[in-house]
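Participant: Let me begin by handing over the structure; questions about it come next.
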Amino acid sequence: MTRSDIVEELANRFSQLTHRDAEFAVKAILDAMNDALVRGHRIEIRGFGSFSINHRPPRMGRNPRSGESVAIPEKRVPHFKPGKALREAVDQRTAELESKAQP
């Protein structure tokens with residue numbers, strides 16, 4: 001599902017929202033999430049999951065083409081941890097789809 005798919009779904013579910021309003025709402029939510037993560041905050045959406053920042057320390061890697069060692073600097077990367085309700089829903093629905101696909 002892409003960002004435009006989310007906008008379409010939102011506009012279809014809520015008839016009072018125009019496509020433009022739905023697009024603005026999705027952009028506002030994603031921008032707020034982005035800003036919070038950049039500031040180092042944790043985002044928790046009950047029933048869905050949480051977003052946080054993980055710190056990766058510097059390490060020595062290897063260039064696969066030449067085989068020489070390469071220093072990889074430290075990084076901060078976004079991390080998503082699904083909530084219990086999302087994990088259970090995904091597990092249940094995929095199991096249902098698999099059972100329907102098998103004769």
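Participant: Residue farthest toward the positive end of the dipole of the chain, with Cβ of Lys/Arg at +1 and Asp/Glu at -1: which of Pro64, Ala25, Ala11?
Facilitator: My answer, from the dipole projection, is Pro64.
Participant: Taking all protein chains as present, what is the carbon and sulfur share of the accessible area of the chain, in % to the nearest whole number, probe 1.4 Å? Could the numbers behind the result be given before it?
Facilitator: Details: 4740 of 8820 Å².
Of the solvent-accessible surface of the chain, carbon and sulfur hold 54 percent.
Participant: With Cβ to Cβ distances under 13 Å as the rule, what net charge do the other residues near Thr2 carry (K, R +1; D, E -1)?
Facilitator: Values: positive: Arg3; negative: Asp5, Glu8, Glu9, Glu23.
Once all neighbours under 13 Å are counted, the net charge is -3.
Participant: Same structure, new question: What do you get for the angle between helix 84-101 and the principal long axis of the chain? Use alpha-carbon atoms, 0 to 90 degrees, nearest ten.
Facilitator: Relative to the chain, helix 84-101 is tipped by roughly 70 degrees.
Participant: Let me ask something else. Could you provide, to the nearest whole Å², the per residue accessible area of region 1-68 with probe 1.4 Å?
Facilitator: Values: 5660 Å² over 68 residues.
It amounts to 83 Å² per residue over region 1-68.
Participant: Identify the trypsin sites (Lys or Arg not before Pro) of region 1-58 meeting these criteria: DSSP loop state and at most 12 other C-beta atoms within 10 Å of the C-beta. Spell out each step's value before the answer.
Facilitator: Details: sites: Arg3, Arg13, Arg20, Lys27, Arg39, Arg42, Arg46; in loops: Arg39, Arg42, Arg46.
For trypsin sites (Lys or Arg not before Pro) across region 1-58 that sit outside H, G, I, E and B with at most 12 neighbouring Cβ atoms in 10 Å, the list reads Arg39, Arg42, Arg46.
The values are calculated or read from the model by the stated rules, or taken from the named source; none is laboratory data. Note that the structure is a prediction, hence the values are computed from the model and not measured. Cβ atoms come from the backbone with ideal geometry, glycine included; neighbour counts cover every protein chain shown. The protein model used for the area step is the full one, side chains on, heavy atoms only, and it has no ligands, DNA or RNA in it. Shrake-Rupley method; radii C 1.70, N 1.55, O 1.52, S 1.80 Å.
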